[in-house]
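Visitor: Take a look at the following structure, please.
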Amino acid sequence: MNVLVIGDEHTYGFGLEGGNLSYIGHFIRQVSLAGQAVSVEAYAHLTMAQMSSTLAQLPLNRYDLIVLQLDHRILQPSAFNSIDVPCLAAPVLLQPFDLKLDSTGTQVLSPLKAAKTLLASLLRSRRAMALSMLLKQLRPYRHNVLIITPFPHLNRANQWVRQRSRNVLLDEADKQLFSVFDSDSIIRPQEEYFLVNDPQHLNAISHELLGRSLFDFYLSAPTIVTIQAIRRYY
């Protein structure tokens, strides 16, 4: 089973202590326990423009599953800046049971910047957003695509923007008939879900909850061709 993952530093377990898996690691473990060999190619810290450029250059028909973990960048406009688009982003090399890599983490929005981002999104047509373009690009492969809503954040301003992003994602994915795993149903913006003194990165328990729940959703999502369907032919 070939899996493509595009997300942030949570894909490789930023901040987790040695031996703890990221949510993708837990997901892969569940797939492996179901009897499938898994190969993972992952890209992290891409802007929406870089996601589009990377997807355009990857052989998407060769992946059995494409996982998109999106965040507040959903609210970026669709007018991509060509300077921001690489030829092809470098993949983060992930091993199924050892996904930790060094990282500086993601940028935290200040309350003022968060407010500006939200205001700009309210004044912008949803159809003009980069998200709509990205999903249209993936539409031919939607039966192999699983989208994850933005993870929560303890900072109130950042959480506000992420909730706005989540709502836009759910609305657009519904219009284009994509399967969406809502992380809000598993983890909440409460301290017990996060690393100590870190308002934006999830702890080991949250990663395990997400990974196991993501696997259950993957098996049950009506629009996704899963390993259950593959196994019926044996």
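The values are calculated or read from the model by the stated rules, or taken from the named source; none is laboratory data. These figures come from a predicted structure and were not determined experimentally. As a convention, Cβ positions derive from the backbone with ideal geometry for all residues, glycine included, and neighbour counts pool all protein chains shown. Heads up: the accessible areas ignore ligands, DNA and RNA and are worked out on the full protein's heavy atoms, side chains in. Shrake-Rupley method; radii C 1.70, N 1.55, O 1.52, S 1.80 Å.
Visitor: Highest first, please rank the peptides 202-209, 144-151, 21-28 by the mean number of other Cβ atoms sitting within 10 Å of their residues.
Guide: Final packing ranking: 21-28, 144-151, 202-209.
Visitor: Here's a follow-up. Taking the Cβ of Ser165 as the centre, find all other residues whose Cβ is under 10 Å away and add up their charges (Lys, Arg: +1; Asp, Glu: -1). Write down the numbers at each step before the final one.
Guide: Working: positive: Arg73, Arg162, Arg164, Arg166; negative: Asp71.
Residues close to Ser165 contribute a combined charge of +3.
Visitor: Report ³J(HN,Hα) in whole Hz for each residue of segment 203-208, in order, from the Karplus equation J = 6.51 cos²θ - 1.76 cosθ + 1.60 where θ = phi - 60°; Gly and Pro get x.
Guide: 8, 4, 5, 5, 4, 5
Visitor: Please work out the average accessible area per residue across segment 129-207, using the 1.4 Å probe convention, and give it in Å².
Guide: I get 41 Å² per residue for segment 129-207.
Visitor: For Arg62 paired with Lys175, estimate the spin-label separation in nm (one decimal), with each label point 7 Å from Cα along the Cα-to-Cβ line.
Guide: 3.3 nm
Visitor: Something else about it: Quick one: net charge around Ser206, please, counting Lys, Arg +1 and Asp, Glu -1 for every other residue with C-beta under 13 Å from its C-beta. Could the numbers behind the result be given before it?
Guide: Numbers: positive: Arg188, Arg212; negative: Asp184, Glu191, Glu192, Asp198, Glu208.
Within the 13 Å Cβ shell, the charges total -3.
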